[in-house]
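Novice: Okay, here's the structure, questions in a sec.
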Amino acid sequence: MSRWDAANVPGQAGRTFVVTGANGGLGAATVRALVAAGAAVILACRNVAKGEYVAAALGERAQVRRLDLADLASVREFADSVSQVDVLINNAGVMALPLRRTADGFEMQFGTNHLGHFALTGLLLDKISDRVVTVSSGAHRMGELDLDDLNWERRKYRRWAAYGQAKLANLMFAYELQRRLTAAGSPKLSVAAHPGYAATELQSHTESIQDMVMALGNRLLAQSAEMGALPSLFAATEKVEPGAYYGPNGRMGLHGYPGRSGSSAAAKDERVARELWELSEKLTGVTYTFGG
């Protein structure tokens, strides 16, 4: 596994994947590798035109459908359009935005990165045959969950703290989902991944001077989106341990090929994870069923 790359993706003929945020960056790299391995892929994109540009080079096994994770009505509409899927890859995300709200009034980073994917996974779970892969980040280590103010309505908003909270929620969700699947006797898997430091458009939407700083970092320090997608691809296609977390195996987990990744003590707090789950069900109106 030390030098596992896209050429090692097992054959995926006959399998269907949903990849959120597939119109660029890590998502597009993930889709290209899956299609090359024989999979059919639904590119779930807010920006349909960009998604169609990616899909155009991939042939009929790449289909684009609209999904805006910042709008629960869009999440429900997308979920209704999917009949069966083997693997869901919760890849889409936003990072370090100025304070904004989703269509449903949630803080944009928490609403998009966590609640949108929480709702999507719950609505699709009965249609998923194999596994759910949720993309977190090394930034989860700087995250703290404020269960009394997840949507930054009373606290002074801090964009990076909000990003850390959202990515911590992603990882806690992946762990808790596996615990609930296991308790229900379901063979389905929940696995998490992170890309390390990969050059994508994610770093260009802070609407501040930080965009320039991160653009320079992308050129000088980051690995490619193709390398950053490898942990997600490994988690989605290989024999993996239930509830595992994968990321780059190189220096500080920022670069390299896929390997097991460590996570913070906060990410492993089962009590808080249960409370986050219950709050997420209330906020989204999506209640999970575990039928096997």
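Novice: Applying the selection to the stretch 55-68, what residues are open to solvent by 20 Å² or more (accessible area, probe 1.4 Å) and part of a loop (DSSP other than H, G, I, E, B)?
Specialist: Ala57, Leu58, Gly59, Glu60, Arg61, Asp68
Novice: Would you check which residues across the stretch 169-187 are buried (at least 19 other Cβ atoms within 10 Å of the Cβ) and either in contact with a Phe, Trp or Tyr (Cβ under 6 Å, 6 or more places away or on another chain) or within 14 Å of His140 (Cβ to Cβ) (or both) and list them?
Specialist: Taking the stretch 169-187 as the starting set, the residues that turn out to be buried (at least 19 other Cβ atoms within 10 Å of the Cβ) are 169-178, 181.
Correct list: Ala169, Asn170, Leu171, Met172, Phe173, Ala174, Tyr175, Glu176.
Novice: Additional query: Cβ contacts < 7 Å: first residue over 13 Å from Asp5 (Cα atoms) and modelled with pLDDT of 95 or more, restricted to the stretch 235-249; second residue β-branched (Val, Ile, Thr) and open to solvent by 10 Å² or more (accessible area, probe 1.4 Å), any location; separation 6+ or different chain. Result?
Specialist: From residues that are over 13 Å from Asp5 (Cα atoms) and modelled with pLDDT of 95 or more, the pairs are Pro242/Thr182.
Novice: Would you mention how many residues in the stretch 94-120 are closer than 26 Å to Thr289 by Cβ and either buried (at least 21 other Cβ atoms within 10 Å of the Cβ) or at pLDDT below 95 (or both)?
Specialist: Matching residues across the stretch 94-120 total 12.
Novice: Looking for whichever is surrounded by 14 or more Cβ atoms within 10 Å (Cβ to Cβ), at pLDDT 95 or above, within 19 Å of the chain's Cα centre (by Cα) and not acidic (Asp, Glu) here; the options are Tyr288, Tyr197. Which one fits?
Specialist: Tyr288
Novice: Residue check: is Ala166 assigned to a helix (DSSP H, G or I), without any contact (Cβ under 8 Å) to a residue 24 or more places away in the chain, buried (at least 17 other Cβ atoms within 10 Å of the Cβ) and among the hydrophobic types (A, V, I, L, M, F, W, C)? Spell out how you get there, then give the answer.
Specialist: Working: assigned to a helix (DSSP H, G or I): yes; without any contact (Cβ under 8 Å) to a residue 24 or more places away in the chain: no; buried (at least 17 other Cβ atoms within 10 Å of the Cβ): yes; among the hydrophobic types (A, V, I, L, M, F, W, C): yes.
Answer is no for this residue.
Novice: So, in the stretch 20-59, how many residues would count as being polar (S, T, N, Q) and in contact with an Asp or Glu (Cβ under 9 Å, 6 or more places away or on another chain)?
Specialist: First, pick out the residues of the stretch 20-59 that are polar (S, T, N, Q): 20, 23, 30, 47.
Those still in the list that are in contact with an Asp or Glu (Cβ under 9 Å, 6 or more places away or on another chain) too: 23.
So the count comes out to 1.
Novice: Search the stretch 48-100 for residues being among the β-branched types (Val, Ile, Thr) and within 17 Å of the chain's Cα centre (by Cα), and hand back the single one that is nearest to Leu283 (Cα to Cα).
Specialist: Looking at residues that are among the β-branched types (Val, Ile, Thr) and within 17 Å of the chain's Cα centre (by Cα), I get Val75.
Novice: Out of (1) buried (at least 16 other Cβ atoms within 10 Å of the Cβ); (2) modelled with pLDDT under 95, what's the single condition that is false for Glu144?
Specialist: So the condition that Glu144 fails would be (1).
Novice: Cβ-Cβ under 6 Å, sequence separation 6+ or interchain: first residue in the stretch 261-290 and within 14 Å of Tyr175 (Cα to Cα) and in a helix (DSSP H, G or I), partner among the acidic types (Asp, Glu) and modelled with pLDDT of 95 or more. Which pairs?
Specialist: Pairs that qualify, where the first residue is within 14 Å of Tyr175 (Cα to Cα) and in a helix (DSSP H, G or I) and the partner is among the acidic types (Asp, Glu) and modelled with pLDDT of 95 or more, are Ala273/Glu176; Trp277/Glu176.
Novice: Going residue by residue through the stretch 268-281, is there one that turns out to be under 17 Å from Val9 (Cβ atoms) and under 17 Å from the mean Cα position of the chain (by Cα)?
Specialist: No, the stretch 268-281 contains no residue that is under 17 Å from Val9 (Cβ atoms) and under 17 Å from the mean Cα position of the chain (by Cα).
Novice: Just one of (1) open to solvent by less than 10 Å² (accessible area, probe 1.4 Å); (2) over 26 Å from Gly247 (Cα atoms) trips up Glu52, so point out which.
Specialist: With (1) open to solvent by less than 10 Å² (accessible area, probe 1.4 Å); (2) over 26 Å from Gly247 (Cα atoms) applied to Glu52, the lone miss is (1).
Novice: I'd like the residue in the stretch 121-138 that is open to solvent by 10 Å² or more (accessible area, probe 1.4 Å) and polar (S, T, N, Q) and, out of all such residues, is nearest to Ala192 (Cα to Cα).
Specialist: Ser137
Novice: What residue, of Val48, Val75, Val41, is in contact with a helix residue (DSSP H, G or I) (Cβ under 9 Å, 6 or more places away or on another chain), of a type in the set (A, V, I, L, M), at pLDDT 95 or above and more than 30 Å from Tyr157 (Cα to Cα)?
Specialist: Testing whether each residue is in contact with a helix residue (DSSP H, G or I) (Cβ under 9 Å, 6 or more places away or on another chain), of a type in the set (A, V, I, L, M), at pLDDT 95 or above and more than 30 Å from Tyr157 (Cα to Cα) leaves just Val41.
Novice: Can you give me the number of residues within the stretch 9-37 that are more than 13 Å from the chain's Cα centre (by Cα), of a type in the set (A, V, I, L, M, F, W, C) and part of a loop (DSSP other than H, G, I, E, B)?
Specialist: Residues meeting the conditions: 3.
Novice: A further question on this structure: Those residues that are touching a residue at least 60 places away in the same chain (Cβ under 8 Å), farther than 19 Å from Ile128 by Cβ and crowded, with 22+ Cβ neighbours inside 10 Å, I need them from the stretch 11-47; list them, please.
Specialist: Those that are touching a residue at least 60 places away in the same chain (Cβ under 8 Å), farther than 19 Å from Ile128 by Cβ and crowded, with 22+ Cβ neighbours inside 10 Å: Gly25, Leu26, Ala28, Ala29, Ala33.
The values are calculated or read from the model by the stated rules, or taken from the named source; none is laboratory data. Small disclaimer: the values here were computed from a predicted structure and weren't measured. Don't worry about glycine lacking a Cβ; one is built from the backbone with ideal geometry, like all the others, and counts go over all protein chains shown. Protein only, heavy atoms only, side chains kept; ligands, DNA and RNA dropped before computing areas. Shrake-Rupley method; radii C 1.70, N 1.55, O 1.52, S 1.80 Å.
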